[in-house]
Structure formats: C-alpha cells, structure tokens
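Notes to accompany the following structure.
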Amino acid sequence: MSKLTTGSFSIEELENVQIRIGSIVGVIENKIEEQREIGPTPKPGIVDLRDWDYKLLDRYEPVYTPMCDQCCYCTFGKCDLSGNKEGACGIDMKAHQAREFLLRVITGAAAHAGHGRHLLHYLIKKYGHDHPIDVGPSNLKMPVTQTVTGYRPETLGDLEQVLDYVEEQLTQLLATIHMGQEGAAIDFESKALHGGMIDHVGMEVSDVAQISCLGMPKSDAKAPLAEIGMGCIDSTKPVLLCIGHNVAAVTYIIDYMEEHDFSDKIELCGLCCTAIDMTRYQMDSGGKPSAKIVGSLAKELKMIRSGIPDAIVVDEQCVRADVLREAQKLSIPVITTNDKIMYGLPNRSKDSVDDILKDLVSGKEAGALVLDFNIVGELAPRLAWEMAPIRKKKGITALPDDEEFKELTSKCIQCLACELVCPTNLPISKAMKATSEGDLVPFERLHDKCIGCGRCEQACPKGIPILNVIEKASQKVIREEKGMMRSGRGQISDPEIREEGVNLVLGTTPGVVAMVGCSNYPDGTKDLYTVANEMLKRNYIVVMSGCSAMDLGMYKNDEGKTLYEQYPAKFLKGNLINVGSCVANAHITATAIKVAAIFAKRNVTANFEEIADYVLNRVGAVGVAWGAYSQKASSIGTGCNRLGIPVIVGPHGSKYRRALIGKPYNKDKWTVHDARNGEVMPIAPAPEFLLTTAETIEELMPMLAKSCIRPSDNNMGRMIKLTHYIELSQKYLGVMPDDWHIFVRGETDLPLSKREELLNILETGHGWEIDWKRKKILSGPSMKLDVSAQPTNIQRLCKEA
Amino acid sequence: MVDTIKNTRIYTTWGTKTAKPIQPKTAANIITKAKRPLLVVGSAVLDEEILDRAVSIAKIGVPVAATGHSIKGFVDKGVYARYINVHSLGGYLGDHSWPGLDGKGQYDTIIVLAHKKYYINQVLSGLKNFTNLITISIDKNYLQNATMSFGNLSHESHLEALDELIENLITGKQWRI
C-alpha cells in the first residue's frame, strides 16, 4: 500500500471533489526518516542536549546577580534566600536565580511562538496548508528548524508540526518552574539554554511564514528604505498609528487604504516591530513602503502624548499597558486586534463597521476589541479619517502650551524624587532648573536618553507631568528626527554564504556583529550609530534587527546620509544588513548554521550539538543587545549562547540576573580536541563569555573585537582580529589591552604595522624568546599555530576518539 | 564634616539585607583595617573632581580595578590601575582561586565609586549573596546591596565626603602594592 502524504488530491471519477489531508499522525517522523543524513537529536527534549550544555557551563560559569533576595512563588513563602540560604521548599538562591532566568527565557520564547502560532493560523486560513515556503534563493530554507528538529518544512502546513514541538517543549519547561522539584542551578541553566534554542525555532517559523505569504523581501540586499522618526510624520493628514509586533491585522489596513484611495490621504505609521513589518509588506518586488516608522517602545508614550495620532491600533508584545488610558485622555480611540491585549474593551468582532465606527467617533466607547481583520482593515482608516477633523478642531494634545510650560517648570522643588525612580537616573532636576531659567538644551539632551517610561511622573510630589515637559522642551529636536531604515531583508541566502563563509571561518572578515534588541539604552540611541559606524569602517559585517535596526536609522553623517544609505546590504565584509523585526533574529543564528552547512559541508539535520560546536570554535560572531529590556531579548540571547555565539548586553542587562562568564586564568578550561586525532589542544580564552554586560560603548567596542576571535582563525585572520582588538582598546580605553599576548600563537599573528614593537613587548614584558634576525618567536606562546587543526569540544567527533 | 548617612532613600528594595549607612571616618577605618582592599571605579570617575580623589586613594596604596572605560583616567597617573569588566570582576571575586589583578591573590574589602547606580547594585547583589566580602560604597548614591554605604549626596557633599575619607586614610595604614 502506498503511503499517504499530506496535501490536496483530486479523484478522477468524481468531478469537483477534492480531498485535503492536513495532518497524519507520525508524519514528521516519517519525513525525517526519508531524509538521508539524520543527526543524533531530532526534536530534542529537555535532556537530549544536556551534555552540550554542561560543556558550555563548565567553561562559562553562571554569575548570579539577584534582583530580589526573596522567593514568593508559593504560600510557604516569602522565603529569604539572601546569602544563598534555602527556602521552605529546599531551593537555594543560586537555583532560584537560575529558575528566574529560565522563566524570563521561556516567557520570551512563548511570546515569539505565540506570535508565530497566531500568524500561522491566519496565514493558513488565508493561503492554505499547501502554500509553499519561499525565503529567497536558498535550498536551506529553515536552518534553525532543520538543525533542531531534523524537519525540512516545505509548506505552511508543515510549520504547524514544528510549532507543536515548540509548544510541547515550552510547556515542559514551564512545568519545571513549579515550586520544589529541580534543585540544581546547573539544570535550570540547561533548561534555559533549551528554551533559548526553542525560541529561535519559534521565531524562524514566524518570520518564514510571513515572508512566504506577505510579499516581504526575500534575502534581498536591495530591500527598500523606509522613512523613520517622529519628525517625518505628516500631522496635517489624519494619522493612524499601529503599535506592536504582529503585522497580520495591519496588512488588511494597508490593503484597504490602497483599494479605497486612502494611501496618500491618511498618514499610516507604526511603533515597534509592527512598524518594521509594515515596511516589509508587499515589498518583495520593489517599491516604496507607504507606511512610516515612528520608532521603538521608547517613543510610545511620547507619540501618544503628542496628540498627533487620530486613531490607534494595537496587536501584541511590546505595547505599553496604559495605551488605552493615555489615549482616552486625548480622545484617541483604540482598536485592539489580538487576544493578548484587550484592555477590558467590549468584543465588537461580530458587529458592523458602521456600528463600531459610530460608537468610537461619538466617544461612547473609548475603544473596541476587534479580532476580525476584515473589519479592522476598513474600520481603522475610516476611524482616523473621521476623528481627525474632530480632534484637530479641538487641538487636543497632552503637551503644555508656553504659559503652562513655564508654570510647570517653576513648580519643581528640586527634591530629586524623579531622578531616584528614573531607570537611568537622568538629571531631570538640573534640566528643570535650567528650563525655568530659559535654557532648553539640557532637556533636549534628555529627550533622546529618556526611555519614555513615565515613572518620574508617578513620583513627583508636585504632580508635574515630567514627560510632557521634556517633550515640550524638545519640540525643535523632535521636528528634526527624520531618518531612513532599510526594510528587513529576511534571511542571508545560500549563495551569499558560499561567497563569504570562508572569510568568516578563517578570520579574514574580522567578524559579524549582530546588534539586536530593544530600546533601554544606558545613554541614548546615538550609541548604536557610533558602534555600528566604527565596526563597519573596520570591515565587520554588521547585522541589525528589531528596535536597534530602527534606532540606527535616526542618525546621519555630514552629508545627511544614514548608515543604511552609506553601506551596501549584502552579507559581505563592511556591509550593513537589517534582517527585519524581532522574529527575524532567527536569521542571525540561521546564518551561523548555514556557514557550517554550506562552507564546511556539515550535516545540519537534527545535529544541533555538532553545529553549535562548529559555531563556537569557528564562526566569529557576537551579538549585542545594548538596550535589552524584554524577556524576549533574554531568550534571543540565550538561543545564541547555546549555538556558541556570545552576547553582550548593556548595563541594564545585569537585571536579567545571570551572566555566563569564563575565567581566562583557569587554563584547564581553555582546551579543545583536535578532531584529526583527538589530541587536547590549548586555546586562547575566546570567546571569553557567552553572556555578559558592558557599562559603556567605549568598553563595549574592544570587547566586540575580542569576542570574534576563534580557535580556527588562520594567521591572517588572527592578525586582523588582533589589530582591531588592540586599536579599539587604545582608541576607547586609552591603553593596550593587558591580555593581547595570550592570543598570539606565532609572529605571523602579530599586526604587521606593529610587529617589531609587539615583539619587543613580548620579550621584555612577558619573557618570550625572540630571534631578532628573523623576527621570529622562538618560545613563549601557550599554543601552536596549526591552520589544519580541527578544534572541537566533542570527543565523539574525533577520529581517534 | 559632612553627614553622609542622613539621606538614604531607595526606590525599591532587594530584600532583607540592606547596606548600613556610614560616615567617611568609619569607612576609612574599615578600609584601613583591610588586608587586601580593592577600589572598583566606574566610568563616571572621569569627572575630573572625582578622578582626582580616586587617584588620591590609589596613591595611598589601594589598587584600582578600572571598570567600564575608566582606565582612560588612570593612564600616566603613577598608580596601580587595571581595566577589568565589572561583571567579570563580580564573578571572579567569588572565586578563591582568582589571582587578583596583580597576581597576589583575592581581596577582602571592595570599595566602589563612580558607577551607574542600577548596574553596580546588581554586581553588589551578587557579592552580597554569594561571598563574604565586605563591600563599601563611597558613591554619591546610596547603594543598598553594599555592606555599608554613603547615603544619597549632592555632588558638593560627595566631594567633601571623599576628602574626609582620604584624610582619614592618609593618617591610617599604607598598603603595599
């Protein structure tokens, strides 16, 4: 009997009859078996990659920095765990912190996977189970999914089973949070790494599904540029603002606006990742995005308070919990389109557009929950259209007029309560004083550094609406906030990897710096520009995503060009890439996997451990989440970590409660096997950590260069990487790094321009023996330079093992 | 004399153990009694007035862990200062096998100055829960996760408090680098 497969079938004798088989029990296993090279861990459960995690955690030890010394998970407590005490259930502080970290990771992973499931339901309903997956010119279409699960999805329907796996793993991981049970911190850590890996599968499903169906750019280096910034919003038109991460509902709005000739008449703009995906929609064959981007979460409250939006549509994830309350004060109706955010609004999903419109325009209702996207598509633009004249006539804004502004700033009693509660302890009081004396500059400076949380207002004993004061004082700079962002291009294609993979592994391209994550920056958005600009000039490949991708587009050079306009967007040295929104982060780990698959011809199918080992030892990539705040940023970073990619977060990232940091002074931890014969080889301590923080970008930049050093670097590659490490340290820290010499395996690793000077330091400062006639190192390095060596942490991969 | 304990406001609390507010003289006495003190400075030390005082403390013989990009301020100052990432340092300080910045072994008393409040409080949280180190904040913000801390101070009072601390340190013991 022939095997049944999924898909649509016609029966010849019966006209007009079509049978569709959507799902067969065990089909995923059958498909995996049909493939030739199956790795050892298809669809791994919690325990299956535990040995790999233990290897990582042996070298990169957890450093715990608790946010709270207590546990309040169950009614035994609260338990005081300070000083690593045990609570009533027996858990100690370390294990509890590891559990807390795990909870952050799986919360983030669930947000992405939930987003993916929601999108998939909708896309399958609209495009069908058999709609093909299309990510551009690649055979390896879903590298993360294939490496983790062993499965190679071809259609939208195939993705359902991948998400089934993701959801099962997340449920099992969530179950381990329950009181008692796990008592070993290291196993909570292994579970966190599992959750991070699972997150990247969920993200990949989400982005690949929308790329395949919504006409988004497919590995397109020429993805269009989109306008960004509060200053680019044309407030003379009715303004419709969309906030969130899930673009599904907004696509109906864009379609309706085009079909009904609203596109030029209504200003459609977005905040957070929905905004990025609005500019990707239907852009795979070129064109100019009709939607504009306001910015990241930091701009949400600021944009609403400006009074500019005439209607707001929210979907899910990074959306402030007080959007409805804030909007209501300014007569801005809110439409919620996703069951994750309902704000207590009545469900109007089955009502007519005219009825809902009537209630919202009249102000009878402050907002409506509408889960039917056909209704949202028509309702939202019509609502903005009708609200605009009403709101403009009243001149509604939360910002004070000149008179009120003066009065408010003079009310400040310099008690410093606002600075105490400000997440970044900004000098608000000083700025308030300066403003009352007519100097707006300090507040203009604060405007960019302010993350727009509004906590200061809750603390002010005089009831000053501080955020409104900052925004009023900064009107001039806000008007100038106009930039460009390259719309998300999706995956790195197979041909691009073929071209560049060799340079990455040998180190002649100094590394990939992936700047991801949110907007909780320690010192404003410009830091991103400074870092990206420096690394691009040094020929690193800079990859952007999410809020970082947006904020980068806000700054221009002297010629008025953003970095997106200055640098090409291929996967080549010195190129600047935006992969897309938050869920597009999966394309960053996918790129590292593709290097192993395409350049090194490694079997990736269900072979996570071997691929992660390859990445850790050979792919010079580092992630930066400079403004990380969300649980999603912790899961994205942790997924990178399990795959062997180190990640640096900004100082606020210390609140994630744990880092994974190696000890360079502990020489035993810095060895690998040579896969040719199983011999143990000493290596330099790089990457030195898997997850850590930096205080400032000046500290960050040499850390980035050092984090791209790998055991597989050839002498040219090591020389290039060492040059950047030394130069960046000298430029930003004012000193040679203390540890540069430990990366030197021979004289050919030394930067050419400084070779003599460095040989001298090695001889006099470190006691190395130098043959000065031949300018050769005779003795000193703790490791040999052997470009043929095959570094691995997995003994079973060694020939003699 | 400046009163450094009268204002110890906090926004939220970490838990049951909270830094004891201290006066400059008490801080100096404890640092003087330390066998292996370490001054851990953040990038805010690059404010010239603070830097002068940090250098003065270093000149008395307290080695400096220069975190963030603060090492810039210590070049050519004739004091012992080494760059180290503060998060890594937080981990190493809990490890008895760490040879220290100078290869002479672990420290017993950690003094923190010129940091981002929210950042150093996290590092101190790790030290508070997983080590027996004495940690003293001489920063201008009250750092509740230290063992002892100055309260919240204005810039001027902070400078005055540091001067008083230095004066008391000078009359106390000198450390050998």
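Hey, how many Å between the Cα centroid of the range A:141-159 and the Cα centroid of the range A:397-447?
The range A:141-159 and the range A:397-447 have Cα centres separated by 53 Å.
For the range B:7-33, state which residues have at least 50 Å² less accessible area in the presence of all protein chains than in their chain by itself, taking the probe as 1.4 Å and leaving out ligands, DNA and RNA.
So the qualifying set is B:9, B:11, B:14, B:16.
Taking amide H positions as placed in the peptide plane 1.01 Å from N, state which residues far from residue A:367 in sequence (5 or more) or on other chains have amide H under 5 Å from it.
HN-HN under 5 Å from residue A:367: A:334.
With a 1.4 Å probe and all protein chains left in place, how much accessible area per residue does chain B have, in Å²?
Values: 7000 Å² over 177 residues.
Per-residue value: 40 Å².
Using a 1.4 Å probe on the protein heavy atoms, what percent of the accessible area of chain A belongs to carbon and sulfur? Before the final figure, lay out each step's value.
Numbers: 14390 of 28980 Å².
Here carbon and sulfur together make up 50 percent of the probe-accessible area.
Identify the trypsin sites (Lys or Arg not before Pro) of the range A:565-629 meeting these criteria: DSSP loop state and at most 14 other C-beta atoms within 10 Å of the C-beta.
Numbers: sites: A:570, A:573, A:594, A:601, A:602, A:618; in loops: A:570, A:573, A:601, A:602.
Hits after loop and neighbour filter: A:601.
Just report the Cα centroid separation between the range A:283-323 and the range A:605-623, whole Å.
First find each Cα centre; the distance between them is then 36 Å.
For residue B:135, which sequence-distant residues (separation of 5 or more, or a different chain) have an amide H within less than 5 Å of its own amide H, given hydrogens modelled in the peptide plane?
Close amide H contacts, sequence-distant or interchain: B:110, B:147, B:148.
With every protein chain left in place, what is the accessible area of residue A:372 in Å² (1.4 Å probe, nearest 10)?
About 60 Å², rounded to the nearest 10.
Can you tell me the FRET efficiency between residue B:82 and residue A:601 if r is taken as the Cβ-Cβ distance and R0 is 56 Å, rounded to the nearest 0.05?
Details: r = 44 Å, r/R0 = 0.79.
E(calc), rounded to 0.05, equals 0.80.
How long is the gain from residue A:778 to residue A:347 if the chain were fully straight, where each residue apart is worth 0.36 nm and the alpha carbon distance is subtracted?
Details: separation 431, 0.36 × 431 = 155.16 nm, distance 7.78 nm.
The span from residue A:778 to residue A:347 would gain 147.4 nm if fully extended.
In what order, largest first, do A:138, A:331 sit by accessible area if the probe radius is 1.4 Å? Mind showing how you got there, number by number?
Values: A:138 10, A:331 50 Å².
Putting A:138, A:331 in descending order of accessible area: A:331, A:138.
According to the square roots a ≥ b ≥ c of the eigenvalues of the Cα gyration tensor, what is the shape class of the range A:665-801, taking rounded for a/c under 1.5, prolate for a/b larger than b/c otherwise, and oblate for the remainder?
Numbers: a/c = 2.11, a/b = 1.20, b/c = 1.76.
Judged from the Cα gyration tensor, the range A:665-801 comes out oblate (a/c at least 1.5, b/c at or above a/b).
Relative contact order for the range A:599-706 using alpha-carbon pairs under 8 Å, separation at least 6, rounded to a whole percent? Display every interim value, and only then the final one.
Working: 135 pairs, mean separation 27.8, N = 108.
Rounded, it is 26 percent for the range A:599-706.
Of the cross-linked pairs A:669/A:776; A:663/A:706; A:526/A:561; A:570/A:594; A:449/A:472, which ones have a Cα-Cα span greater than 20 Å in the structure shown?
Working: A:669/A:776 29 Å; A:663/A:706 15 Å; A:526/A:561 15 Å; A:570/A:594 15 Å; A:449/A:472 15 Å.
Going by Cα-Cα distance, A:669/A:776 fall outside the 20 Å limit.
From the backbone phi of the range A:781-791, what are the Karplus-calculated ³J(HN,Hα) couplings (6.51 cos²θ - 1.76 cosθ + 1.60, θ = phi - 60°) in whole Hz, Gly and Pro given as x?
x, 8, 9, 8, 8, 9, 5, 8, 4, 10, x
Starting from the 7 Å offset along Cα-to-Cβ, what nm value, one decimal, do you get for the label separation of residue A:415 and residue A:261?
Those two pseudo-labels are separated by 5.8 nm.
With θ taken as phi - 60° and the coefficients 6.51, -1.76 and 1.60, list the Karplus ³J(HN,Hα) couplings across the range B:115-129 in order, rounded to whole Hz; mark glycine and proline as x.
10, 5, 4, 5, 7, 5, 4, 5, 4, 5, 4, x, 5, 4, 8
Quote the relative contact order of the range A:129-197 in percent (integer), defining contacts as alpha-carbon pairs under 8 Å separated by 6+ residues.
Numbers: 36 pairs, mean separation 17.8, N = 69.
Computed over the range A:129-197, the figure is 26 percent.
Below 19 Å, Cα to Cα, which lysines can residue B:77 reach? Residues fewer than 8 away in the same chain don't count.
Counting by Cα, and skipping residues close in sequence, residue B:77 has these lysines nearby: A:731, B:59.
Residue A:75 to residue A:125: extension gain in nm, 0.36 nm per residue of separation minus the Cα-Cα distance? Intermediate values should be presented prior to the final figure.
Numbers: separation 50, 0.36 × 50 = 18.00 nm, distance 4.43 nm.
Roughly 13.6 nm would be gained on extension.
Which residues, if any, in the range B:112-147 have at least 30 Å² less accessible area in the whole protein complex than in the isolated chain, probe 1.4 Å?
In the range B:112-147, residues shielded by partner chains: B:116, B:117, B:118, B:119, B:122, B:129, B:130.
Going Cα to Cα from residue A:667, which lysines come in below 16 Å? Please leave out same-chain ones fewer than 8 positions away.
Partners found: A:55, A:784.
Of the accessible area of the range B:20-176, with the probe set at 1.4 angstrom, what percent is carbon plus sulfur?
Details: 2730 of 5570 Å².
About 49 percent, which is the carbon plus sulfur part of the accessible surface.
Considering the convex hull of the alpha carbon atoms of the range B:20-176, report its projected area averaged over all viewing directions, in nm², one decimal.
Values: hull surface 31.2 nm².
That works out to 7.8 nm², a quarter of the Cα hull's surface.
Hey, what did chain A get for relative contact order, percent, Cα under 8 Å, at least 6 apart? Present the calculation step by step, with values, prior to reporting the outcome.
Details: 1739 pairs, mean separation 116.3, N = 801.
Taking the mean separation of contacting Cα pairs over the length of chain A, I get 15 percent.
Tell me: how much accessible area in total is hidden between B and A, 1.4 Å probe, Å², nearest 100? Before the final figure, lay out the partial values.
On the way: alone 8940 and 30770 Å², together 35970 Å².
Buried area (both sides, nearest 100 Å²): 3700 Å².
Excluding ligands, DNA and RNA, what is the solvent-accessible area per residue of the range A:702-774 at a probe of 1.4 Å, expressed in Å²? Please report the intermediate quantities before stating the final value.
Details: 2790 Å² over 73 residues.
Using a 1.4 Å probe on heavy atoms only, each residue of the range A:702-774 averages 38 Å².
Can you compute the modelled spin-label distance between residue A:331 and residue A:458, with each label point 7 Å from Cα toward Cβ, in nm?
About 3.0 nm separates the two model spin labels.
Based on the alpha-carbon gyration tensor of the range A:402-479 and its eigenvalue square roots a ≥ b ≥ c, which shape applies: rounded if a/c is under 1.5, prolate if not and a/b is larger than b/c, or oblate? Spell out each step's value before the answer.
On the way: a/c = 1.55, a/b = 1.13, b/c = 1.37.
It is oblate, given that a/c is not under 1.5 and a/b is not larger than b/c.
Kindly work out what percent of the DSSP beta bridges joining two residues of the protein assembly as shown are antiparallel, to the nearest 5.
Working: 28 of 85 bridges.
Roughly 35 percent of the beta bridges in the protein assembly as shown run antiparallel, per DSSP.
Just subtract the alpha-carbon distance of residue A:677 and residue A:58 from 0.36 nm times their residue separation and send over the number in nm, one decimal.
On the way: separation 619, 0.36 × 619 = 222.84 nm, distance 2.32 nm.
So the chain would gain 220.5 nm between residue A:677 and residue A:58.
Could you name the lysines whose alpha carbon sits less than 16 Å from that of residue B:20, not counting residues in the same chain fewer than 8 places away?
The qualifying lysines are B:6, B:128, B:140.
For residue A:59, what charge total do you get from the other residues with a beta carbon under 12 Å from its beta carbon, if Lys and Arg give +1 and Asp and Glu give -1? Walk me through the numbers on the way to the answer.
Working: positive: A:55, A:663, A:667, A:669; negative: A:53, A:58, A:61, A:668, A:688.
So the surrounding residues net to -1.
Whole number in Å², please: accessible area per residue of the range A:54-113, 1.4 Å probe, ligands, DNA and RNA not counted.
On the way: 2190 Å² over 60 residues.
Heavy-atom accessible area per residue stands at 37 Å².
Sequence-distant or interchain residues sharing an amide H contact under 5 Å with residue A:292, placed H: which?
Here A:268, A:269, A:270 satisfy the definition.
Give me Rg/Rg_expected for chain A, where Rg uses Cα atoms only and Rg_expected = 2.2 N^0.38 Å with N residues. Before the final figure, lay out the partial values.
Working: Rg = 27.2 Å, N = 801, 2.2 N^0.38 = 27.9 Å.
In units of the globular-protein estimate, chain A measures up at 0.98.
Write out the chymotrypsin sites (Phe, Trp or Tyr not before Pro) in the range A:380-455 meeting two conditions: DSSP loop, and at most 16 other Cβ atoms within 10 Å of their Cβ. Please list the in-between numbers first.
Numbers: sites: A:385, A:405, A:443; in loops: none.
In loop regions of the range A:380-455 (DSSP not H, G, I, E or B), there are no sparsely surrounded chymotrypsin sites (Phe, Trp or Tyr not before Pro).
Using heavy-atom solvent-accessible surface (probe 1.4 Å) with all chains present, what is the largest-first order of A:41, A:748?
Numbers: A:41 20, A:748 50 Å².
Output order, biggest surface exposure first: A:748, A:41.
In nanometres, what is the gap between the two model label sites at residue A:403 and residue A:429, each 7 Å from Cα along Cα-to-Cβ?
The two pseudo-label positions are separated by 3.1 nm.
The values are calculated or read from the model by the stated rules, or taken from the named source; none is laboratory data. Note that the coordinates shown come from a computational prediction; the quantities given were computed from them, not determined experimentally. Positions of Cβ are generated from backbone atoms using ideal geometry, with glycine treated the same way; all protein chains shown enter the neighbour counts. Note: accessible area is taken over every heavy atom of the protein model, side chains too, but ligands, DNA and RNA are not part of it. Shrake-Rupley method; radii C 1.70, N 1.55, O 1.52, S 1.80 Å.
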